[in-house]
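Data first, discussion second: the structure below is written as structure tokens.
The values are calculated or read from the model by the stated rules, or taken from the named source; none is laboratory data. The structure displayed is predicted, hence computed values, not measured ones. Cβ placement follows ideal geometry from the backbone for every residue including glycine, while neighbour counts extend to all protein chains displayed.
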Amino acid sequence: MTPITESATFRFDKVVLEQLRREAEHKQVHLNTLVNQIVKSHIEWHTYAPQAGYIPVGKPLIRALVDSLTGEQIEEIGDRYAQTLSGPTLMITGKKLSAESILELVDRWVRASGFEYQHEEGKNNNNNHNHFRSVYVIQHNMGKNWSCLMARTLGQATSKFAAKAPNLQATENTLYIEFDLIK
């Protein structure tokens, strides 16, 4: 379904507008498309992320911290973090904790992080109408421990909505995670 749009006029500082035009040209999109993406990102993530406890931190620092963790520490941190997701999920998505709202939070977080990713949803292979399949492939370039931490966190966060344990594949720079979730 195509969203209904409205026109609006905004004034930008000349330097800011020039930077936006350069970025739009670099990304090979229309200026209007870029501005819509920026505003959508602000509304979907940046408005609520600070109140939900998210802060911008450089990848090198996070990677150094996560790389120093043992497997046991990764599991412990992933489990603890998964238990705290109901507040941020409600705040950022405006929805109660559910399989769909957790996946929406993940989509928003991955986009805001600038990671390359693919997300596919559809019917599960069992043709059970109360279940749906959701697959993520996230290219993060943050190391194997980061893949393991995110896999553990997402697996635990969705466990009460899962028909079965997720299929996880964590590599040095990519996370593949396949969920079979209950609606």
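Just a few scattered comments:
- Of residues in segment 22-75 being under 16 Å from Ser113 (Cβ atoms) and among the charged types (D, E, K, R), the one surrounded by the fewest Cβ atoms within 10 Å (Cβ to Cβ): Lys40
- Residue under evaluation Asn130, criteria (1) at pLDDT below 90; (2) of a type in the set (S, T, N, Q); (3) surrounded by fewer than 21 Cβ atoms within 10 Å (Cβ to Cβ); (4) closer than 29 Å to Gly58 by Cα, criterion not met: (4)
- Within the option set Thr93, Thr47, being modelled with pLDDT under 90 and farther than 16 Å from Thr174 by Cβ holds for one residue only, Thr93.
- When residues of segment 1-21 are limited to those that are aliphatic (A, V, I, L, M), over 13 Å from Asn36 (Cα atoms) and over 28 Å from the mean Cα position of the chain (by Cα), the one surrounded by the fewest Cβ atoms within 10 Å (Cβ to Cβ): Val15
- Against the list (1) out of contact with any Lys or Arg (no Cβ under 7 Å at 6 or more places or on another chain); (2) among the aromatic types (Phe, Trp, Tyr); (3) assigned to a strand (DSSP E or B), the condition Phe132 fails is (1).
- Segment 128-159 - residue that is among the hydroxyl-bearing types (Ser, Thr, Tyr) and over 9 Å from Thr174 (Cα atoms) and, of those, farthest from the chain's Cα centre (by Cα): Ser159
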